[in-house]
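In what follows, a single structure is set out as structure tokens and then discussed.
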Amino acid sequence: MDEHLQELERHFRAYAPYYRKIGLKIERDPGYVEQCAESEPLLVVQHMSIPERYCSGRAIKTKTGRKLCGLSNLERVIAIEQLAYGDAGVFLTAPGPSLSGVVLNELGSEEQKESFFSRFNDRPMWTFFALTEPERGSDATMIRTRLKAADEDKRFYSLSGEKYFIGNVLRASCGVVFARVAEGALGIEAVLVEKNDPVRFRAQPLETFGLRALQVSHLVFDGMPIPESQLLGQHLSKGQRGILAAVKMFNQRRTGVAACALGVVKAVMDLVSDERKTFNEKDKETISRLEYRLNSTRQVIRKAAEIADQDPQNGYYASLSKVMAVSLVEDVTTFAVQMLGPSAFLENPFLNKCYRDARGFEYLEGTSNMQKLNIFQHYMTGKVALA
Ligand SMILES: Cc1cc2nc3c(=O)[nH]c(=O)nc-3n(C[C@H](O)[C@H](O)[C@H](O)COP(=O)(O)OP(=O)(O)OC[C@H]3O[C@@H](n4cnc5c(N)ncnc54)[C@H](O)[C@@H]3O)c2cc1C
């Protein structure tokens, strides 16, 4: 890592203790995140997702004066690993443009981008990203939420349907929703939806095992009126917008989920060595294998992030990094419980939380089976060679 990336890593490492301090409280009382949102460790997450040209003079800076907005994917994975070392749930519930920001940046007209990103400059604000539907998660081309013209001039549309497992929606002001205007994969559009109509846009939180602070919810749109100006990518061809924008967005941000899982891996491994001072030979061997996987996964994540910065169409490495990180975080949290015994699971609430959060990463931005299919398709089409 060059000097700049090392400084960035040090800068974000300093936020981790605060994340650790508030993580369990936010899990128990998700509304608490709103009270902490003005603090620098949370606000920085918002700033890092605002493209530099829309970032106001208030941007948080490193000691050497580097503005922490518009971070590249490589910079993000370095930052996210450190934040998730503190607490992954806090990072995922911090305010900001998040996945909707990537779609806006990709598909929005200049006017839409300016109006969307300027809303983040004076206060913490949350967004949601709604793609998954009940029983239609992995295959996004099957979505059924409908967007229909509501008048002859197509100045207003009407949005109806359901979305499932949508994070942060309860505290969000707006978010990107994917909906169908016609049959087929090219009949899907992305639209920016304001959360301002509690009758025609309802959100019901769901019970989850891990990542509880996200309060993933079941959304119902019941003829929600959408002005034509909220449709994204209308200046682009059908082949460049809609679901293809989602794929591009996932290719870029999947490495962030992998980095988040890796932060939890490192936190749990440190916890095991702090809590249990002596290990037998077999355990030492297991630990050294896990450490080897931690280092190699980190290298793959950083490489994948660099590739995503250069070519957002290339999702092979991002998928690989996520498969590796998810399998490692599940193995490490299971190993920690074996090492420290069942009482640790009860007595150490942070370990308990990491164990549960680790199972959530499998689903964020596509399951491991879908990542493996993506890797396989790249291999079969000759876009990637196995070493
Ligand atoms: C904590 C959390 C937060 C989330 N946040 C969001 C959010 O903010 N926005 C959003 O849109 N979604 C969100 N999701 C939803 C997530 O993206 C989906 O859960 C995920 O895409 C899987 O979809 P599904 O749950 O419908 O499972 P399914 O698609 O029903 O899959 C079930 C199982 O079948 C396997 N499978 C499916 N198809 C195939 C195939 N072709 N080949 C092999 N195996 C297959 C899958 O790998 C999985 O193991 C979130 C989920 C969780 C758990």
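Quick notes on this one:
- Top-ranked residue in the stretch 124-143 [being out of contact with any helix residue (DSSP H, G or I) (no Cβ under 6 Å at 6 or more places or on another chain) and assigned to a strand (DSSP E or B); ranked as farthest from the ligand (Cβ to nearest atom)]: Glu133
- Within the stretch 313-326, the set of residues being open to solvent by less than 50 Å² (accessible area, probe 1.4 Å) and not aliphatic (A, V, I, L, M) comprises Asn314, Gly315, Tyr316, Ser319, Ser321, Lys322.
- Here the stretch 360-374 is the region considered, the condition is being over 15 Å from the mean Cα position of the chain (by Cα) and open to solvent by less than 30 Å² (accessible area, probe 1.4 Å), and the residue that is nearest to the ligand (Cβ to nearest atom) is Ser368.
- Pair list, Cβ < 8 Å and 6+ apart or interchain, from the stretch 123-147 residues that are open to solvent by 50 Å² or more (accessible area, probe 1.4 Å) to residues that are assigned to a loop (DSSP other than H, G, I, E, B) and of a type in the set (A, V, I, L, M, F, W, C): Arg146/Val181
- The stretch 148-180: number of residues that are near the ligand (Cβ under 10 Å from one of its atoms), farther than 29 Å from Ile60 by Cβ, open to solvent by 10 Å² or more (accessible area, probe 1.4 Å) and touching a residue at least 60 places away in the same chain (Cβ under 8 Å): 1
- Any hit, the stretch 196-214, residues being part of a helix (DSSP H, G or I) and more than 16 Å from the ligand (Cβ to nearest atom): no
Conditions tested, residue by residue: (1) within 23 Å of the chain's Cα centre (by Cα); (2) among the small types (Gly, Ala, Ser); (3) more than 21 Å from Gly137 (Cβ to Cβ).
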position: Ala190; (1), (2), (3): yes, yes, no
position: Leu219; (1), (2), (3): yes, no, no
position: Met224; (1), (2), (3): no, no, yes
position: His235; (1), (2), (3): no, no, yes
position: Ala259; (1), (2), (3): yes, yes, yes
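- Screening Lys154, Lys148 for residues that are outside the structural domain of Met269 (by TED's automatic domain parsing) and touching a Leu at 6+ places or on another chain (Cβ under 9 Å) leaves exactly one candidate, Lys148.
The values are calculated or read from the model by the stated rules, or taken from the named source; none is laboratory data. Because the structure is predicted, anything quoted here is derived from the model rather than measured. In this analysis, Cβ positions are derived from the backbone assuming ideal geometry, glycine residues included, and neighbour counts consider all displayed protein chains. SASA here: full protein model, heavy atoms, side chains in, ligands and nucleic acids out. Shrake-Rupley method; radii C 1.70, N 1.55, O 1.52, S 1.80 Å.
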